[in-house]
Amino acid sequence: MTKHAQAVDLRLPSIADISLDADTLDPQRAAAIYQEHGCLVVRRLMRPHLAAVRQDLDAALAEAYHAMDTATPVAEGWQGADGTLFIPAPSSFGRERQIMVLGMRYQTSAALLRSALDPAALSVVGAVLGPDVELFQSGQCLVKEAVGGHPKNLHQDAAYFEHRFEGPMAVLSYAVDTDGSNGALHVVPGSHRLGMLEHIDTSSHLALDSANWPWQRSLPICGQAGDSIFFHVRTIHGSRPNHSAAPRPVFIHRYRRPGDYVTVSGTSTANRGSAHAGADDSQRGIMVLGRRSHTTAEGDKA
């Protein structure tokens, strides 16, 4: 069930209140920040993986540009043979399409998969979700193209994949230095406690009504390449257009308890619909912490 929560006024903490450094990372302190605010910034967390991930990102981006004209229509825009999602481009681009989701996943990039298994990242994930954790989905790389790359309006990820229990924790990492000019992530700390809110159709797919959730209600998180932002599936977040002269890529990992599962999924109000009734094989991800018990009832650990 969704709700509006229009009158809720959340106090925004400072960036320092929700930030830690990878060199002195305390998983229990990180978990406490995440549980209180629904988000957490860990500076330099992905630095060890950055060069390898950037190499694969640049190669995938070049391939996507080369194959753009052969992409086929889908509900969200156009999809390339490599899985890249293109959406309509602004008139200033001089072409019909712009990249939104790059066709780079764990199945195509060993560097991306290695970054999902980073021990420091998993120490925080384990402190929040417990000893048994699986990957949800196959990793995601989002790109805002230069000089006008799309905004992603404020939203909850639960609008796209609503879960039966706690839902996944996302870890979004900057692949380049990112600030207000090229589309820094905005978050609304504490919004994970509001429950599932009503979303509407926008130019960037499902999002909250900007009349109720303007950018001024969010906290922009500027950072350097390799900085990571953890956020709950119901934490409100988004990013503004890229006005810089270079693309702004990020890569995202999502983790959840193995007894959890998607109940409703979609990318628009029209195609949001019931998913599977339980955590069957089609929804089970690769275990990254602990093990999957086949003697425990689904959801007992969620």
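Before moving on, here are some points about what is shown:
- Condition check for residue 126: modelled with pLDDT of 95 or more and either in a loop (DSSP other than H, G, I, E, B) or touching an Asp or Glu at 6+ places or on another chain (Cβ under 8 Å) (or both): no
- Selection count, region 204-245, where residues are more than 18 Å from the chain's Cα centre (by Cα) and either charged (D, E, K, R) or part of a loop (DSSP other than H, G, I, E, B) (or both): 10
- Conditions (1) touching a residue at least 40 places away in the same chain (Cβ under 8 Å); (2) more than 19 Å from the chain's Cα centre (by Cα): number failed by residue 80: (1)
- The condition of being charged (D, E, K, R), crowded, with 20+ Cβ neighbours inside 10 Å, at pLDDT 95 or above and under 30 Å from residue 15 (Cβ atoms) holds for only one of 134, 145, that being 145.
- In this entry, residue 97 passes the filter for residues that are among the basic types (Lys, Arg), out of contact with any Lys or Arg (no Cβ under 9 Å at 6 or more places or on another chain) and without any contact (Cβ under 8 Å) to a residue 60 or more places away in the chain.
- Checklist (1) of a type in the set (A, V, I, L, M, F, W, C); (2) at pLDDT below 95; (3) part of a helix (DSSP H, G or I) applied to residue 12, failing item: (3)
- The residues in region 219-268 that are among the aromatic types (Phe, Trp, Tyr), closer than 28 Å to residue 58 by Cα and touching a Gly at 6+ places or on another chain (Cβ under 8 Å) can be counted, and the count is 2.
- Among the residues of this structure, residue 239 does not count as one that is farther than 26 Å from residue 193 by Cα, modelled with pLDDT of 90 or more and among the hydroxyl-bearing types (Ser, Thr, Tyr).
- Condition check for residue 36 on (1) closer than 25 Å to residue 171 by Cβ; (2) among the acidic types (Asp, Glu); (3) surrounded by fewer than 16 Cβ atoms within 10 Å (Cβ to Cβ): one failure, at (3).
- Residue that is nearest to residue 263 (Cα to Cα) [pool: residues in region 167-186 that are outside any loop (DSSP other than H, G, I, E, B) and in contact with a Phe, Trp or Tyr (Cβ under 6 Å, 6 or more places away or on another chain)]: 169
- Residue in region 112-122 that is surrounded by fewer than 23 Cβ atoms within 10 Å (Cβ to Cβ), over 15 Å from the mean Cα position of the chain (by Cα), over 22 Å from residue 57 (Cα atoms) and in contact (Cβ under 8 Å) with a residue 24 or more places away in the chain present: yes
- Matching entry among 71, 127, 146 (being in contact (Cβ under 8 Å) with a residue 12 or more places away in the chain, within 30 Å of residue 32 (Cβ to Cβ) and of a type outside the set (Ser, Thr, Tyr)): 127
The values are calculated or read from the model by the stated rules, or taken from the named source; none is laboratory data. Model, not experiment: these values are computed from the prediction. Every residue, glycine as well, gets a Cβ built from its backbone with ideal geometry; the counts of neighbours run over all protein chains shown.
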